[in-house]
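Where a number appears in this text, it was derived from the coordinates with a stated rule and is not lab data. Since the model is a prediction, treat every value here as computed from it, not as a measurement. Cβ placement follows ideal geometry from the backbone for every residue including glycine, while neighbour counts extend to all protein chains displayed.
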């Protein structure tokens, strides 16, 4: 079943004539898959990079070496995937799914990043639940962020 927010993102991206690139870590491709299931995805979704391991973030997305569960890493991931894929908008997610902490961050800590030619920002969320639930909630938050951005453009 197609996510209603992804359908709205598809409509907004087509109306605006913008393309989207996705960089994801803890969600392991789930965010890109939800977007790819939306109508006409081939016209606005440039693709996604699953940078699960920190070295992939550094090497493929241009993230500075260091901690990757940070606002800075989320911003760099969003900018890096847009550059890599030639997208107008880059969206990223990085965080700790659990069950253990990473980089001193508790399970459920998530950073979402967004890049456009005019904006670059990140914000933090915290989700309770097992790793699967954290991934689902992270995707929901990222879809909400992307939709909000496109609707306000």
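Of note:
- For region 13-47, a tally of residues being surrounded by fewer than 24 Cβ atoms within 10 Å (Cβ to Cβ), more than 18 Å from residue 96 (Cα to Cα), touching a residue at least 24 places away in the same chain (Cβ under 8 Å) and within 11 Å of the chain's Cα centre (by Cα) returns 0.
- Matching residues, region 43-60, being over 23 Å from residue 127 (Cβ atoms) and touching a helix residue (DSSP H, G or I) at 6+ places or on another chain (Cβ under 9 Å): 43, 44, 45, 46, 47, 60
- Check on residue 87, within 18 Å of residue 19 (Cα to Cα) and part of a loop (DSSP other than H, G, I, E, B): yes
- Residue in region 120-128 that is more than 20 Å from residue 96 (Cβ to Cβ), touching a residue at least 12 places away in the same chain (Cβ under 8 Å), exposed (fewer than 14 other Cβ atoms within 10 Å of the Cβ) and over 12 Å from the mean Cα position of the chain (by Cα) present: no
- With respect to (1) assigned to a helix (DSSP H, G or I); (2) buried (at least 21 other Cβ atoms within 10 Å of the Cβ), the lone exception for residue 111 is condition (1).
- Residue 99 being within 14 Å of residue 26 (Cα to Cα) and surrounded by fewer than 20 Cβ atoms within 10 Å (Cβ to Cβ): yes
- The residues listed here are 81, 63, 93; of these, the one that is over 22 Å from residue 14 (Cα atoms) and either in contact (Cβ under 8 Å) with a residue 60 or more places away in the chain or assigned to a strand (DSSP E or B) (or both) is 93.
- Residue check, residue 79 touching a strand residue (DSSP E or B) at 6+ places or on another chain (Cβ under 6 Å) and over 29 Å from residue 105 (Cα atoms): no
- Within region 134-144, one or more residues are more than 13 Å from the chain's Cα centre (by Cα), in contact (Cβ under 8 Å) with a residue 60 or more places away in the chain and not in a loop (DSSP other than H, G, I, E, B).
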